Every structure is written in structure tokens, then in C-alpha cells.
Amino acid sequence: MNVDSCPLNVNHYSLSNYVIQRTTNNKQPLNYDLFSIMHTPNEQLTTDNKQRPANEHTPPSAVGGLVSGGQWDQILKPSRGWQVVDWRELYRYRDLLYFLVLRGIKAKYAQSVLGVGWAIIQPLFTTLVFTVVFGNLAGISSDGVPYIIFSFAAMVPWNYFSGTLTEASNSLVANANMITKVYFPRIVLPLSAAFSKLLDFAIGMVVMVGFMVYYGFVPGWEILVLPLLILILLLCSLGLGMILSAMAVQYRDVKHAIAFMVQLLMYAAPVVYPASKVPDNYLFWYSLNPMVGVIEGFRSALLGTHPMPWDMVGIGAAVSIVLFVFGTFYFRKMEKVFADVA
């Protein structure tokens, strides 16, 4: 579509998923993703085929002098296909990500009597119930350690995983007003949901250290693997979170199914039982659940219940990377319809 003598307000969302093509005097077209200039909402581009003054203000992120001198016209066309995430653009919006993370933390604990104490109460009381039901009544093995610390070592990463899935899947729908009114990288929303949950995870780790001191557990060299396990946990949570958040915009069933799915997934991971209970011929398929390697790795690193399960950790890491990469591509592919159906 050729545009002549027409002001183009780059703050309008309907243009945010289009590519702007500039034809210069030498007739060489240059393509620019309009995402890169959308954060200058008060700037207007005018396609009047007039020579612009050399000192005229241009949007700060306009690449290659998008509105610099010379005759030019614009062709708007939709961006199609699978696109990678613009990490440089995401870095430019790091302040927005920071404030959304703070907002998520404050909104959860605002006007709460116990505040962040809920980050301790929820996993602790769940662990106590598991200890009574599965440890005492059902007599499930805990690899020779007290069942309460055995279960809590699994609840810390599992609570982060389940909380991130729940928050991230609803992040786009809950912020529909932001999506339809102003441009920003949409991936910021599921990222902020994941990062805000790190506070609960850190508090849970502090409580875990208290349990280890009380029961006299001293970690070995396996504790050095803990950062790798946390990275796998982040990649898995973010990957699934981005996929579910993109699906939830079009299919509101996701919001209703996520709570049920999280409950089922908990019993598909070794939260209340050890992975040693799974038959050997099913271990490979069982390990395709990334949380299996993460939870068993946490127990090995913190409690030393068994050697580090490198096979489970390796399979879980590979699956987590695939989920994260696919999640980013799928999120970008679906991004163009968010404002229409949010």
C-alpha cells in the first residue's frame, strides 16, 4: 500500500505487526520492523515526498535514518511466518520488565497480614499433609531421609514451576488493556510472571536450608550443580509459560485447564515419591518430564540421597531447551493476533 501525504502515527497498534519499507533515491528498498520504532509514541512520520531538513528530529531507534532526507514512500505489509525474539529490543524495555516484576510481587502480597509469609506457609503446610498421608499412612519410601525434608526438597522447585505456569498462562489476558493501547514487547508479560516467582523460590530455599541445619545435612560437591538445575527449571517454566500464555489468548479453556493440568503433572513428577520407584524400562520416557531431573537433582545436591542422576538431568535439560526455543518462536508467531482477541 503506497502512502502519499499521509501522517502515520506509529503509536497505533494496528500497524505494530507490519514491516515498513523505505525506498530511497537510489531505489534500494530497506525493510524495518515497525516494532523497533513503536516506543516513540508522540512521533509522527509523514510521507509527503518532501525533502526533510538534515537536523530534523528522528525517532531514537530508527535504523539507518528511516526519516532522514531524500524522497521516499512506504509500503505496509504484514509480517508472516516464524520470527525470532528481538533480544536487543527486549533489553531496551528492561525497565518495563523490572517494574512489572515489582508490580507482580506487590500485587500478590499487598494488603496481606502475613505478606511474604505465605511463601513459607503454602509449601510448608503442603509438605506436612504429604508427610502424614504419604509418609506415615501410605508408607512411601523417602530414600532413607525424613519424609518431611524429602518432600520439601521437591516442593521448592515444584512450587516455582506450577506458580509460573499459572501466572504466565494468564499474563496476557490479565493485561489486555495494556496490549490493546500501547506497544511493548509482549514477551515481557510472561517473563515478568516467571521472574516475580523467584522471590517465593528464594524464600523456599531459605526454609530448606533451615531444615538441613535442623536435621544435620551437609551438602557435598553436588551442590555445585544447583545453578544448572535452576537454569533448567527456568527454561522449562518459561518455555511452557510462553506457549500457554499465547494459547490462552485465543482459547480461554487454557485458564480452566491449567489448574487441573498442574495437579496431574505433580503426580507425574517425583514430588511425593522417589524416582527409584519407577520401573527401569519406563525411566527414559519418565525422564522426558524435565521436572524429574530437576527434583531428583535437587535431592541429590541438597540431601545426598543418591548420586547425581546425570541421565535424568541431561534428558530434562535437552527437553527444556527445546521447549524454550519452541516457546519463543510460537509466542512470536501468535503475537500479531493478541490485540485482536485479548
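Please treat every number below as a calculation from the coordinates, not as lab data. Given the structure is predicted, the values throughout are model-derived calculations rather than measurements.
Below is a table of values for the structure above.
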read-out: In Hz, Karplus ³J(HN,Hα) per residue of the range 158-163 (6.51, -1.76, 1.60; θ = phi - 60°; x = Gly, Pro); value: 5, 4, 5, 4, 5, x
read-out: Whole-Å semi-axes of the ellipsoid equivalent to the range 247-323 (Cα gyration tensor, √5λ, descending); value: 27, 14, 12
